[in-house]
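Reading through the C-alpha coordinates given below for one structure.
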Amino acid sequence: MNKARREINALIRKTDLVIELLDARIPFSSSNPMVASMRRDKPCIKLLNKADLADPETTDLWKKHLAGEQNTAVLVCSRKTKLSAKKLESMASRLLPHRNFSATPLRALILGIPNVGKSTLINAMAKRSLAKTGNEPAVTRIQQRVRLPDSNLVLHDTPGLLWPRIEPEVCGYRLAATGAIKQTLLEHEDIALFLLDFLLKKYPDKLQARYEPVRILTAPEEMLDALAVRRGCVRKGLCERRRISEILLNDYRSGSIGPISLETPEMIAEQIAATEAAQTTQSDESLV
(Lines give C-alpha, C1' and ligand atoms only; values in the text may rest on other atoms or scores of the structure.)
Protein backbone atom coordinates (compact mmCIF):
# COMPACT_ATOMS: atom_id res chain seq x y z
CA MET A 1 0.00 0.00 0.00
CA ASN A 2 2.84 2.41 0.83
CA LYS A 3 4.46 1.65 -2.53
CA ALA A 4 1.19 2.29 -4.37
CA ARG A 5 0.72 5.56 -2.49
CA ARG A 6 4.21 6.77 -3.45
CA GLU A 7 3.62 5.89 -7.09
CA ILE A 8 0.24 7.65 -7.13
CA ASN A 9 1.75 10.75 -5.51
CA ALA A 10 4.38 10.86 -8.25
CA LEU A 11 1.76 10.44 -10.97
CA ILE A 12 -0.52 13.14 -9.57
CA ARG A 13 2.26 15.71 -9.93
CA LYS A 14 2.40 14.93 -13.66
CA THR A 15 -1.35 15.00 -14.32
CA ASP A 16 -3.89 17.78 -14.85
CA LEU A 17 -6.93 16.18 -13.29
CA VAL A 18 -7.90 13.52 -10.76
CA ILE A 19 -10.89 11.27 -11.44
CA GLU A 20 -12.14 9.47 -8.35
CA LEU A 21 -14.47 6.57 -9.01
CA LEU A 22 -16.94 6.00 -6.17
CA ASP A 23 -19.55 3.33 -5.54
CA ALA A 24 -22.90 5.15 -5.79
CA ARG A 25 -24.30 2.91 -3.04
CA ILE A 26 -21.62 4.11 -0.58
CA PRO A 27 -20.07 7.36 -1.87
CA PHE A 28 -18.48 8.27 1.47
CA SER A 29 -17.30 4.81 2.48
CA SER A 30 -15.81 4.19 -0.98
CA SER A 31 -13.93 7.51 -1.00
CA ASN A 32 -10.31 7.02 -0.01
CA PRO A 33 -9.48 9.79 2.51
CA MET A 34 -5.91 9.85 1.18
CA VAL A 35 -7.09 11.11 -2.23
CA ALA A 36 -7.95 14.59 -0.94
CA SER A 37 -4.50 15.08 0.57
CA MET A 38 -2.68 13.56 -2.41
CA ARG A 39 -4.47 15.60 -5.09
CA ARG A 40 -3.95 18.86 -3.20
CA ASP A 41 -5.46 21.62 -5.38
CA LYS A 42 -5.85 19.52 -8.54
CA PRO A 43 -9.38 19.58 -9.99
CA CYS A 44 -11.37 16.43 -9.34
CA ILE A 45 -14.24 14.68 -11.10
CA LYS A 46 -16.12 12.32 -8.81
CA LEU A 47 -17.83 9.52 -10.72
CA LEU A 48 -20.70 7.81 -8.94
CA ASN A 49 -20.47 4.38 -10.52
CA LYS A 50 -22.94 1.47 -10.29
CA ALA A 51 -25.74 4.01 -9.97
CA ASP A 52 -28.23 1.43 -11.27
CA LEU A 53 -27.66 -0.50 -8.02
CA ALA A 54 -28.20 2.56 -5.80
CA ASP A 55 -31.36 4.28 -4.58
CA PRO A 56 -31.87 7.09 -7.16
CA GLU A 57 -33.22 9.55 -4.58
CA THR A 58 -30.18 9.01 -2.37
CA THR A 59 -27.87 9.36 -5.37
CA ASP A 60 -29.39 12.78 -6.09
CA LEU A 61 -28.62 13.81 -2.50
CA TRP A 62 -25.01 12.71 -2.92
CA LYS A 63 -24.65 14.55 -6.23
CA LYS A 64 -25.65 17.83 -4.58
CA HIS A 65 -23.48 17.17 -1.54
CA LEU A 66 -20.32 16.27 -3.46
CA ALA A 67 -20.76 19.08 -5.99
CA GLY A 68 -20.42 21.53 -3.11
CA GLU A 69 -16.78 20.55 -2.60
CA GLN A 70 -14.18 22.98 -3.92
CA ASN A 71 -12.91 22.47 -7.48
CA THR A 72 -15.04 19.34 -7.86
CA ALA A 73 -17.58 18.12 -10.41
CA VAL A 74 -19.85 15.07 -10.21
CA LEU A 75 -20.96 12.60 -12.87
CA VAL A 76 -23.12 9.49 -12.60
CA CYS A 77 -22.55 6.29 -14.54
CA SER A 78 -23.67 2.67 -14.56
CA ARG A 79 -24.18 -0.30 -16.84
CA LYS A 80 -27.29 1.44 -18.18
CA THR A 81 -25.93 5.02 -18.23
CA LYS A 82 -22.64 4.77 -20.05
CA LEU A 83 -20.03 7.49 -19.66
CA SER A 84 -18.47 8.58 -22.94
CA ALA A 85 -14.99 10.00 -23.35
CA LYS A 86 -16.55 13.13 -24.86
CA LYS A 87 -18.72 13.73 -21.82
CA LEU A 88 -15.74 13.26 -19.54
CA GLU A 89 -13.68 15.67 -21.65
CA SER A 90 -16.48 18.24 -21.58
CA MET A 91 -16.63 18.13 -17.78
CA ALA A 92 -12.84 18.35 -17.56
CA SER A 93 -12.85 21.46 -19.76
CA ARG A 94 -15.20 23.19 -17.30
CA LEU A 95 -12.80 22.52 -14.45
CA LEU A 96 -9.78 23.58 -16.54
CA PRO A 97 -11.12 26.43 -18.73
CA HIS A 98 -7.68 27.78 -19.58
CA ARG A 99 -6.18 24.44 -20.56
CA ASN A 100 -5.63 23.99 -24.33
CA PHE A 101 -6.66 20.37 -24.89
CA SER A 102 -5.88 20.40 -28.61
CA ALA A 103 -2.26 21.42 -28.08
CA THR A 104 -1.48 18.76 -25.47
CA PRO A 105 -3.78 15.91 -24.41
CA LEU A 106 -5.21 16.28 -20.93
CA ARG A 107 -3.64 13.83 -18.49
CA ALA A 108 -6.07 12.40 -15.96
CA LEU A 109 -5.36 9.99 -13.13
CA ILE A 110 -8.23 7.64 -12.26
CA LEU A 111 -8.38 6.39 -8.68
CA GLY A 112 -10.76 4.14 -6.80
CA ILE A 113 -11.07 1.39 -4.25
CA PRO A 114 -10.90 -2.28 -5.29
CA ASN A 115 -13.84 -3.65 -7.29
CA VAL A 116 -15.43 -0.22 -7.84
CA GLY A 117 -15.45 -0.73 -11.62
CA LYS A 118 -12.45 1.24 -12.91
CA SER A 119 -11.34 -1.36 -15.44
CA THR A 120 -14.87 -1.87 -16.79
CA LEU A 121 -15.30 1.90 -17.17
CA ILE A 122 -11.97 2.32 -18.97
CA ASN A 123 -12.74 -0.52 -21.38
CA ALA A 124 -16.13 1.03 -22.18
CA MET A 125 -14.68 4.48 -22.88
CA ALA A 126 -11.71 3.07 -24.82
CA LYS A 127 -14.15 0.91 -26.84
CA ARG A 128 -11.88 -2.11 -26.51
CA SER A 129 -10.65 -4.50 -23.85
CA LEU A 130 -7.57 -2.91 -22.33
CA ALA A 131 -7.95 -3.42 -18.59
CA LYS A 132 -8.57 -6.78 -16.95
CA THR A 133 -11.92 -7.01 -15.18
CA GLY A 134 -13.42 -9.36 -12.59
CA ASN A 135 -15.94 -9.73 -9.80
CA GLU A 136 -13.22 -9.94 -7.16
CA PRO A 137 -11.35 -6.89 -5.83
CA ALA A 138 -7.66 -6.28 -6.61
CA VAL A 139 -7.84 -7.52 -10.22
CA THR A 140 -5.83 -4.56 -11.56
CA ARG A 141 -2.28 -4.84 -10.23
CA ILE A 142 -0.26 -2.54 -12.47
CA GLN A 143 -0.57 1.02 -13.69
CA GLN A 144 -1.43 1.56 -17.34
CA ARG A 145 -1.78 4.52 -19.66
CA VAL A 146 -4.79 4.68 -21.99
CA ARG A 147 -5.46 7.19 -24.78
CA LEU A 148 -9.23 7.50 -25.22
CA PRO A 149 -10.48 7.57 -28.83
CA ASP A 150 -12.31 10.61 -30.23
CA SER A 151 -11.03 12.80 -27.40
CA ASN A 152 -7.95 14.56 -26.10
CA LEU A 153 -7.85 12.58 -22.87
CA VAL A 154 -5.15 10.26 -21.60
CA LEU A 155 -6.09 8.16 -18.57
CA HIS A 156 -3.61 6.73 -16.11
CA ASP A 157 -5.22 3.71 -14.48
CA THR A 158 -4.05 2.54 -11.05
CA PRO A 159 -4.69 -0.53 -8.87
CA GLY A 160 -7.52 -0.25 -6.36
CA LEU A 161 -6.29 1.29 -3.13
CA LEU A 162 -7.76 0.79 0.34
CA TRP A 163 -6.51 2.66 3.38
CA PRO A 164 -5.02 1.13 6.54
CA ARG A 165 -7.61 2.35 9.05
CA ILE A 166 -11.29 2.68 8.18
CA GLU A 167 -13.37 5.08 10.25
CA PRO A 168 -16.16 5.13 11.23
CA GLU A 169 -16.06 1.32 11.67
CA VAL A 170 -19.45 0.95 9.97
CA CYS A 171 -17.80 2.05 6.72
CA GLY A 172 -15.83 -1.20 6.75
CA TYR A 173 -19.06 -3.18 6.88
CA ARG A 174 -20.46 -1.20 3.95
CA LEU A 175 -17.32 -1.83 1.91
CA ALA A 176 -17.56 -5.53 2.70
CA ALA A 177 -21.27 -5.67 1.83
CA THR A 178 -20.65 -4.18 -1.63
CA GLY A 179 -17.70 -6.50 -2.35
CA ALA A 180 -14.78 -4.08 -2.05
CA ILE A 181 -12.95 -6.42 0.33
CA LYS A 182 -11.95 -9.96 -0.63
CA GLN A 183 -14.46 -12.50 0.61
CA THR A 184 -11.68 -14.75 1.94
CA LEU A 185 -10.93 -12.06 4.54
CA LEU A 186 -14.50 -11.88 5.85
CA GLU A 187 -16.96 -13.67 8.03
CA HIS A 188 -19.91 -13.87 5.67
CA GLU A 189 -22.43 -14.16 8.47
CA ASP A 190 -21.25 -10.95 10.17
CA ILE A 191 -21.56 -8.96 6.94
CA ALA A 192 -24.92 -10.53 6.08
CA LEU A 193 -26.31 -9.68 9.52
CA PHE A 194 -25.13 -6.09 9.14
CA LEU A 195 -26.78 -5.83 5.74
CA LEU A 196 -29.94 -7.52 6.94
CA ASP A 197 -30.22 -5.17 9.93
CA PHE A 198 -30.01 -2.19 7.56
CA LEU A 199 -32.51 -3.62 5.09
CA LEU A 200 -35.02 -4.39 7.85
CA LYS A 201 -34.88 -0.79 9.00
CA LYS A 202 -34.69 1.04 5.66
CA TYR A 203 -35.95 -1.26 2.90
CA PRO A 204 -38.26 -3.93 4.41
CA ASP A 205 -40.57 -3.73 1.39
CA LYS A 206 -37.77 -4.68 -1.02
CA LEU A 207 -36.70 -7.51 1.24
CA GLN A 208 -40.29 -8.79 1.37
CA ALA A 209 -40.67 -8.55 -2.40
CA ARG A 210 -37.48 -10.51 -3.07
CA TYR A 211 -38.05 -13.33 -0.61
CA GLU A 212 -41.84 -13.54 -0.34
CA PRO A 213 -43.75 -15.12 1.27
CA VAL A 214 -41.20 -14.90 4.09
CA ARG A 215 -42.44 -12.91 7.11
CA ILE A 216 -40.44 -9.80 8.00
CA LEU A 217 -38.92 -10.08 11.47
CA THR A 218 -37.19 -7.37 13.49
CA ALA A 219 -34.16 -9.36 14.71
CA PRO A 220 -31.51 -9.87 11.96
CA GLU A 221 -30.50 -13.30 13.34
CA GLU A 222 -34.09 -14.55 13.22
CA MET A 223 -34.58 -13.04 9.79
CA LEU A 224 -31.45 -14.77 8.48
CA ASP A 225 -32.75 -18.11 9.72
CA ALA A 226 -36.15 -17.42 8.12
CA LEU A 227 -34.42 -16.73 4.80
CA ALA A 228 -32.42 -19.93 5.18
CA VAL A 229 -35.62 -21.92 5.52
CA ARG A 230 -37.19 -20.03 2.59
CA ARG A 231 -34.21 -20.82 0.33
CA GLY A 232 -33.72 -24.40 1.50
CA CYS A 233 -30.46 -23.71 3.30
CA VAL A 234 -31.18 -26.22 6.05
CA ARG A 235 -29.24 -29.36 6.83
CA LYS A 236 -30.12 -31.90 9.50
CA GLY A 237 -32.56 -29.46 10.99
CA LEU A 238 -29.99 -26.64 11.28
CA CYS A 239 -29.88 -23.43 9.24
CA GLU A 240 -26.79 -23.13 7.06
CA ARG A 241 -26.02 -19.53 7.89
CA ARG A 242 -22.87 -19.27 5.78
CA ARG A 243 -24.73 -20.48 2.70
CA ILE A 244 -27.72 -18.16 3.13
CA SER A 245 -25.34 -15.30 3.96
CA GLU A 246 -23.59 -15.78 0.62
CA ILE A 247 -26.95 -15.84 -1.18
CA LEU A 248 -28.09 -12.64 0.53
CA LEU A 249 -24.83 -10.81 -0.23
CA ASN A 250 -24.83 -11.95 -3.86
CA ASP A 251 -28.46 -10.87 -4.24
CA TYR A 252 -27.62 -7.42 -2.88
CA ARG A 253 -24.49 -6.97 -4.99
CA SER A 254 -26.25 -8.01 -8.20
CA GLY A 255 -29.19 -5.68 -7.56
CA SER A 256 -31.67 -8.57 -7.25
CA ILE A 257 -33.11 -7.09 -4.04
CA GLY A 258 -33.47 -3.71 -5.75
CA PRO A 259 -31.60 -0.38 -5.99
CA ILE A 260 -30.38 0.20 -2.44
CA SER A 261 -27.99 2.77 -0.96
CA LEU A 262 -26.32 2.03 2.36
CA GLU A 263 -25.61 5.63 3.39
CA THR A 264 -26.87 9.19 2.99
CA PRO A 265 -25.04 12.48 3.58
CA GLU A 266 -27.10 12.99 6.74
CA MET A 267 -26.20 9.54 8.10
CA ILE A 268 -22.51 10.17 7.49
CA ALA A 269 -22.58 13.56 9.22
CA GLU A 270 -24.15 11.95 12.29
CA GLN A 271 -21.67 9.07 12.33
CA ILE A 272 -18.65 11.35 11.96
CA ALA A 273 -19.93 13.53 14.80
CA ALA A 274 -20.42 10.46 16.99
CA THR A 275 -16.93 9.17 16.16
CA GLU A 276 -15.32 12.53 16.96
CA ALA A 277 -17.25 12.79 20.23
CA ALA A 278 -16.09 9.30 21.25
CA GLN A 279 -12.48 10.16 20.41
CA THR A 280 -12.71 13.38 22.45
CA THR A 281 -14.11 11.44 25.42
CA GLN A 282 -11.29 8.89 25.21
CA SER A 283 -8.72 11.67 25.01
CA ASP A 284 -10.20 13.43 28.05
CA GLU A 285 -10.24 10.19 30.03
CA SER A 286 -6.60 9.50 29.21
CA LEU A 287 -5.65 12.88 30.71
CA VAL A 288 -7.38 12.15 34.02
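The values are calculated or read from the model by the stated rules, or taken from the named source; none is laboratory data. Computed from a prediction, not measured in an experiment: that's the story for all the values here. We place every Cβ from the backbone using ideal geometry, glycine too, and count neighbours over all the protein chains shown. Surface accessibility is based on the protein's heavy atoms, side chains included, excluding ligands, DNA and RNA. Shrake-Rupley method; radii C 1.70, N 1.55, O 1.52, S 1.80 Å.
Compactness of the chain is given as radius of gyration and Dmax, 20.6, 71 Å, from Cα positions.
For the residue pairs Lys86/Lys206; Lys42/Lys201; Lys87/Lys182; Lys46/Lys80; Lys82/Lys182; Lys86/Lys201, alpha carbon separations beyond 29 Å are given by Lys86/Lys206; Lys42/Lys201; Lys87/Lys182; Lys86/Lys201. Take the Cα of Ser254, go 7 Å toward its beta carbon, and the backbone nitrogen atoms of the range 24-64 under 20 Å from that spot belong to 25, 50-55. Can you give the % of DSSP beta bridges in the chain that are antiparallel, to the nearest 5? In the chain, DSSP labels about 20 percent of beta bridges as antiparallel.
Accessible surface for the chain, divided over its residues, is 51 Å² per residue with a 1.4 Å probe.
For the range 55-119, which semi-axes, largest first and in whole Å, follow from the square roots of 5 times the eigenvalues of its Cα gyration tensor?
In descending order the semi-axes read 23, 16, 12 Å.
Taking all protein chains as they are arranged and a probe of 1.4 Å, the heavy atoms of Cys239 leave approximately 50 Å² accessible to solvent. Amide H neighbours of Ile113 under 5 Å, at least 5 residues apart or on other chains, H built in the peptide plane: list them. Those qualifying (amide H under 5 Å, at least 5 residues apart or on another chain) are Leu161.
The fraction of all Cα pairs in the range 2-133 landing in successive 10 Å bins from 0 to the largest distance is 12, 44, 38, 7, 0, given as whole percents.
Electrostatic bookkeeping for Ser256 treats Lys and Arg as +1 and Asp and Glu as -1; over the other residues with beta carbon under 12 Å from its beta carbon, the sum is +2. Computed from backbone phi with θ = phi - 60° and the Karplus coefficients 6.51, -1.76 and 1.60, the 3J(HN,Hα) list for the range 225-230 is 5, 5, 5, 4, 5, 4 Hz; x is used for glycine and proline.
Other residues whose C-beta falls under 10 angstrom from the C-beta of Ser78 contribute a net charge of +3, scoring Lys and Arg +1 and Asp and Glu -1. Using 0.36 nm times the number of residues separating His98 and Ala269, minus their current alpha carbon distance, what extension gain do you get? My answer for the length gained is 58.0 nm. For the chain, the fraction of 1.4 Å probe accessible surface lying on carbon and sulfur atoms is 50 percent.
The modelled label-to-label distance between Ala67 and Arg147, using points 7 Å beyond Cα along the C-beta direction, is 3.4 nm. Out of every Cα-Cα pair in the range 191-248, what percent are more than 20 Å apart? Within the range 191-248, distances greater than 20 Å cover 13 percent of Cα pairs. Principal axis extents of the Cα atoms in the range 90-129, from largest to smallest and rounded to whole angstrom, are 34, 22, 14. Give the relative contact order (percent, whole number) for the chain; include only Cα pairs under 8 Å separated by 6+ residues. In percent, rounded to a whole number, it is 19.
Once the Cα atoms are used to define both axes, helix 265-287 deviates from the longest principal axis of the chain by about 80 degrees.
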